[in-house]
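Working notes, structure below.
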Ligand SMILES: [Ca+2]
């Protein structure tokens, strides 16, 4: 067998050497790009200079958009950390796992959610790993409670398909601090020789508490003092993206790498007490005029910038303002980009939106659903219904005409309101009401911590 394999390998090697090098490069580009996925934390849709922020400067992210494509109607699967990340990694609406809020034991018990994301369904890194990708994550995890040593029986990132990880928090020993995610990512790029690779960089910035570099603070001297630390955190994020792009260029990987950038949810609500809590001024993230903020199902909570660069495949400098893409779509879309088959019995919620990224706008063929502890929502085409879970009241919006959700059309469009309410009700009927015991920690049976949920997870 070894002889045959060797003979075949020699044959293909000979063929490859006698083929023009550019052809070989093109072939590898078409089938197996590397992927660098950069996920910011709490960055608002309006915080990029390319999205119109009057003071914040994001030249590296803006440049990525110029060299690639900006999707203006990208939303995440939840308006807050843990469920948003669960939606991305599994391609499933996180409410299907009962995950509605950032993981923390007392809170998990209070709202009947599990203690960690179920590792058994398909995940994006495990799919890519099984297809031969080298997989790694650097930065924030948050698919289990973030405190050290509390839920040590939680599955490690290996169970989800990451071969290596450098985490800033979690039950396991953290080997980087929140400032070092980009360092770890750049180190991975420089030392990884086995391609293709999938690198997920889950960056702390610009989440509270802020750790801006002196250089970033100096670069934001033009910003009001109350917003300067936030603005400087955005600058550090942008500089980190620049470092990653420069590293890809230095390693001659630009053409072979799909770079994707987004944020896990919209900006945190301005909290006047933050100075007391963190010794810092309050959040200054912006939605660019979209209604709401982190934690809410209005667009300001769930819409985040999506930028994708893939030379030769994603048109450079194009902006798509009409096609809805969601965090759950990244799994099948990136699978398609890498020529990786998703099992036919997958049963996820994500839709392959690669054609949109190739410059062909389209309506998402299936509705999107969201659920938080406070609200539920459905979007079908440009119609969106938001329902208050406590009051039972609904609001209906036409996002094409009213992107800022200023006009409730429930009375004017009763047929649409009823249709979307029916969709939402049918979806919520299928959601779990109790956490899966297999995804609950032994620590849950012990004394509770008495910790109060914080406003800034
Ligand atoms: Ca977040």
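For the range 257-284, enumerate the residues that are at pLDDT below 85, away from the ligand (no atom under 14 Å from the Cβ) and within 26 Å of residue 62 (Cβ to Cβ). 270, 281, 282, listed by residue number.
Hey, can you tell me all the residues within the range 289-306 that are within 14 Å of residue 61 (Cα to Cα) and not in a strand (DSSP E or B)? Selection gives 304, 305.
When you look at residue 201, is it closer than 30 Å to residue 310 by Cα and within 16 Å of the ligand (Cβ to nearest atom), yes or no? Yes; evaluated as a whole, the condition is true for this residue.
Among the residues of the range 216-235, the ones that are closer than 19 Å to residue 51 by Cβ and either within 16 Å of the ligand (Cβ to nearest atom) or in a loop (DSSP other than H, G, I, E, B) (or both) come to 6 in all. You will find that of 295, 312, the residue that is under 19 Å from the mean Cα position of the chain (by Cα), at positive phi and at pLDDT 95 or above is 295 and no other. Consider the range 85-124 and keep the residues that are assigned to a loop (DSSP other than H, G, I, E, B) and in contact with a strand residue (DSSP E or B) (Cβ under 7 Å, 6 or more places away or on another chain). The one that is farthest from the ligand (Cβ to nearest atom) is 115.
Being part of a loop (DSSP other than H, G, I, E, B) and exposed (fewer than 14 other Cβ atoms within 10 Å of the Cβ) is the filter here; which residues of the range 413-431 pass it? 430 - this is the single residue of the range 413-431 that is part of a loop (DSSP other than H, G, I, E, B) and exposed (fewer than 14 other Cβ atoms within 10 Å of the Cβ). Under the condition of being in a loop (DSSP other than H, G, I, E, B), more than 16 Å from the ligand (Cβ to nearest atom) and in contact (Cβ under 8 Å) with a residue 40 or more places away in the chain, the residues counted in the range 36-84 number 10.
In the range 145-162 there is no residue matching the filter, namely being in contact with a strand residue (DSSP E or B) (Cβ under 7 Å, 6 or more places away or on another chain), touching a residue at least 24 places away in the same chain (Cβ under 8 Å), assigned to a strand (DSSP E or B) and surrounded by fewer than 22 Cβ atoms within 10 Å (Cβ to Cβ). Looking only at the range 369-409, residues that are surrounded by 17 or more Cβ atoms within 10 Å (Cβ to Cβ) and either under 15 Å from residue 290 (Cβ atoms) or in contact (Cβ under 8 Å) with a residue 24 or more places away in the chain (or both) come to 23 in all. Tell me yes or no: at least one residue of the range 200-215 is at pLDDT 95 or above, within 22 Å of the chain's Cα centre (by Cα) and either in a helix (DSSP H, G or I) or more than 25 Å from residue 269 (Cβ to Cβ) (or both). Yes, the conditions are met somewhere in the range 200-215. Can you tell me which of 64, 43, 100, 48 is crowded, with 24+ Cβ neighbours inside 10 Å, over 12 Å from residue 304 (Cβ atoms) and at pLDDT 95 or above? Residue meeting the stated conditions: 64. For the range 171-229, enumerate the residues that are farther than 24 Å from residue 144 by Cβ and in contact with a strand residue (DSSP E or B) (Cβ under 8 Å, 6 or more places away or on another chain). Within the range 171-229, 189, 192, 194, 195, 196, 197 qualify. Just one of the listed residues (336, 316) is touching a residue at least 24 places away in the same chain (Cβ under 8 Å), surrounded by fewer than 17 Cβ atoms within 10 Å (Cβ to Cβ) and touching a helix residue (DSSP H, G or I) at 6+ places or on another chain (Cβ under 6 Å), namely 316.
The values are calculated or read from the model by the stated rules, or taken from the named source; none is laboratory data. These numbers were taken from a predicted model, which means no experiment stands behind them. Every residue, glycine among them, receives a Cβ derived from its backbone with ideal geometry; neighbour counts consider all protein chains shown.
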